[in-house]
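**Q** Please read through the structure below; I'll follow up with questions.
The values are calculated or read from the model by the stated rules, or taken from the named source; none is laboratory data. What you see is a predicted model, and the numbers here were worked out from it, not measured in a lab. When we count neighbours, we look across all protein chains shown, and the Cβ atoms used for this are built from the backbone with ideal geometry, even at glycine.
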Amino acid sequence: MKNTMHKKKYFGFVILLVMSVLFFTACGSMNTNSGSSTKESSTTQMDVNKNETGEGRSMEEREGFSIREISDDLFDRMKAGNTYKEDCIVPREDLRYLLVLHKDKDGNIHQGEMVVHKLIAEDVLEIFEKLYDADYPIERMVLPDNYLADDEIMMRDNNSSSFNFRFISHTNKVSKHGLGMAVDINTLYNPYHKIVTNEDGTTEEVIEPATGEAYLDRTKDFDYKIEKDDLCYKLFTEKGFEWGGDWTDRKDYQHFELPTDITEKYSEGL
């Protein structure tokens, strides 16, 4: 009888021990599975964020400012508007569509758009963000397609833009605007000016746009004027752009471009 009681206690103890082991094992498994789920969820979310941002942009994309690839609809618009011409040799995949906010001289906010080469997309977007934050005035920024790619009409409307495919006159070299590696800002008030010597020795004055002649006198103060060492100049030149206002053989006060050694190196691969 006594031995039977000892056996019952012994078996009871073993059963209790086994149940305890099973309980703690189950808890450990639950914690492990929970940790795996959390890690997997976190990794998946990181991949989603990475895919959504693209172009190296911050996960928290600022409202009103973005970089996008050229969509089918936009590409159709560019072909119809004549910026992406039939003889264009710049691949569509090398271009980017920027959306940026800008303010006019009265402080009104506008949603601007611009197509640029992918090599300058990040820098140009950052420049426009800083110009916007500083209330630097830019009157208008729509694609040249709105003007059927007519430079003169677009400049008279004081439009700021970049990509507009064309070859340099009488050459097979693509212009920097044709590459999307040059940006024009507030074009009416910052005209292009050059004295051209003809074959017969006579000279001819070229002003583009023609309506910008009044703004060639850079000693005057007026809205939308770009000056050496102003914020627009500083931001572009800090990113390695050259300003047409610094040229000696001609002046192009609206114009910022990548140096020729960079653009020619890219052009060699076209």
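**Q** From the residues in the range 234-260 that are out of contact with any Lys or Arg (no Cβ under 8 Å at 6 or more places or on another chain) and among the hydrophobic types (A, V, I, L, M, F, W, C), which one is nearest to Glu213 (Cα to Cα)?
**A** Result: Trp247.
**Q** Please enumerate the residues belonging to the range 242-269 that are in a loop (DSSP other than H, G, I, E, B) and in contact with a helix residue (DSSP H, G or I) (Cβ under 8 Å, 6 or more places away or on another chain).
**A** Hits for the range 242-269 are Arg250, Tyr253, Gln254, Leu258.
**Q** Within the range 223-241, count every residue that is of a type in the set (A, V, I, L, M) and not in a helix (DSSP H, G or I).
**A** Counting residues in the range 223-241 that are of a type in the set (A, V, I, L, M) and not in a helix (DSSP H, G or I) gives 1.
**Q** Also: What is the number of the single condition among (1) modelled with pLDDT under 95; (2) within 17 Å of Glu208 (Cβ to Cβ); (3) not hydroxyl-bearing (Ser, Thr, Tyr) that His177 does not meet?
**A** Single failed check for His177: (1).
**Q** Also, quick follow-up: Could you pull out the residue among Lys194, Lys251 that is in contact with an Asp or Glu (Cβ under 8 Å, 6 or more places away or on another chain) and charged (D, E, K, R)?
**A** Going through Lys194, Lys251 in turn, the sole match is Lys194.
**Q** Any idea which of Val196, Val174 is buried (at least 17 other Cβ atoms within 10 Å of the Cβ), β-branched (Val, Ile, Thr) and in the same structural domain as Asp76 (by TED's automatic domain parsing)?
**A** Every option except Val174 fails the conditions.
**Q** When you scan the range 152-170, do you find a residue that is basic (Lys, Arg) and either within 19 Å of Leu258 (Cβ to Cβ) or in a helix (DSSP H, G or I) (or both), even just one?
**A** For the range 152-170, residues basic (Lys, Arg) and either within 19 Å of Leu258 (Cβ to Cβ) or in a helix (DSSP H, G or I) (or both): present.
**Q** Count, please, the residues in the range 107-143 that happen to be outside any loop (DSSP other than H, G, I, E, B) and out of contact with any His (no Cβ under 9 Å at 6 or more places or on another chain).
**A** 18
**Q** Turning to a different aspect of this structure: Please work out which residue is surrounded by the fewest Cβ atoms within 10 Å (Cβ to Cβ), limiting yourself to the range 231-254 and to residues that are acidic (Asp, Glu) and free of Cβ contacts under 8 Å to residues at least 40 places away in the same chain.
**A** Across the range 231-254, the extreme among qualifying residues is Glu238.
**Q** State which residue pairs qualify: first residue touching a residue at least 60 places away in the same chain (Cβ under 8 Å) and inside the range 76-92, second residue among the polar types (S, T, N, Q) in any location, beta carbons under 8 Å apart, and separation of 6 or more residues or different chains.
**A** Gly81/Asn146; Thr83/Asn164
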